[in-house]
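Only one structure is covered here, and it is reproduced in the block below.
Throughout, read-outs are computed from the coordinates displayed, never taken from laboratory work. Nothing here was measured: the structure is a model prediction, and the numbers come from that model. Here the Cβ is made from the backbone with ideal geometry for all residues, glycine too, and neighbour counts use every protein chain on show.
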């Protein structure tokens, strides 16, 4: 029996700013219900970078199993932890904190294996080329995932030379072949067998008209609104689409397993709860 299973009930939550939109409580609570963990609770808290040290310091020892973290906390939390996994260290981003029985705070990243699991579920296990739309924390996680399944070049389409330099640096760090191109040429990405869109809502709308016949796979990390204009156009042209909800559910499955010590987590129940919450 793991340390987290010894307690009758434990607490967990998602932190970030803004946080009101987060689906994490819906997914984790559905998991607890399916697993019969009646004493477990999962909440959301509005916490920014300045408030994070105080929030962690005030948590009662022994009550908490773990935390999910969203922006802007994924990098801010690292100095406050006792240890982080190799996966989290590879992109300098932690989205999961586990509290051990002896009071240690362990940081992990379930976004990267979540991306891989979501792709695998849709039949994508290896690709010869890939494209990433956008830069930033999600894009770096996408590069880390692609480093495990892409055998050739990855092209990142970005809006500035600063972002381009950042993506090339991540490529060097992750030992992947990353080229960069201007966002004005983003429609060229669609010739790749796998395209991962990591940009905010509305950013790729203008590209929907450029989707070719029979495109490959689009992984659009957004889940609301869904489908995005790009995802809808991709499906209409016969392409394979992986959604942001797929990613959210798969990374949450890993969080639930690590926080509760119970595996496998109930993927189907968690996805159904997410779809119901989104009205899809």
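The calculated pair-distance distribution of the stretch 76-121 uses every alpha carbon pair, bins of 10 angstrom beginning at 0, and gives 28, 47, 21, 4 percent. Ordering 167, 259 by the number of other Cβ atoms within 10 Å of each residue's own Cβ, fewest first, gives 167, 259. When each of 190, 219, 99, 45 is scored by the number of other beta-carbon atoms lying within 10 Å, the sequence from fewest to most is 45, 190, 99, 219.
Rounded to the nearest 10 degrees, the inclination of helix 244-260 to the longest alpha-carbon principal axis of the chain is 30 degrees. Here the simple spin-label model places points 7 Å from the Cα toward Cβ, and for residue 187 and residue 63 these points are separated by 5.6 nm. With both residues required to sit in the stretch 117-187, DSSP beta bridges show an antiparallel share near 0%. Overall size of the chain from C-alpha positions, given as principal axis extents largest first: 54, 36, 31 Å.
Once the Cα atoms are used to define both axes, helix 24-35 deviates from the longest principal axis of the chain by about 60 degrees.
From its DSSP helices (H runs of at least four residues, each -39,500 (n - 2.57)), the chain gives a residue-normalised ellipticity at 222 nm of -11000 deg cm²/dmol. Counting only DSSP beta bridges whose two residues both lie in the chain, roughly 20 percent are antiparallel. For the stretch 10-41, the residues whose backbone nitrogen is under 11 Å from a point 7 Å from the Cα of residue 48, taken along Cα to Cβ, are 17-18.
The angle between the Cα long axis of helix 161-174 and the longest principal axis of the Cα atoms of the chain comes to about 60 degrees, rounded to the nearest 10.
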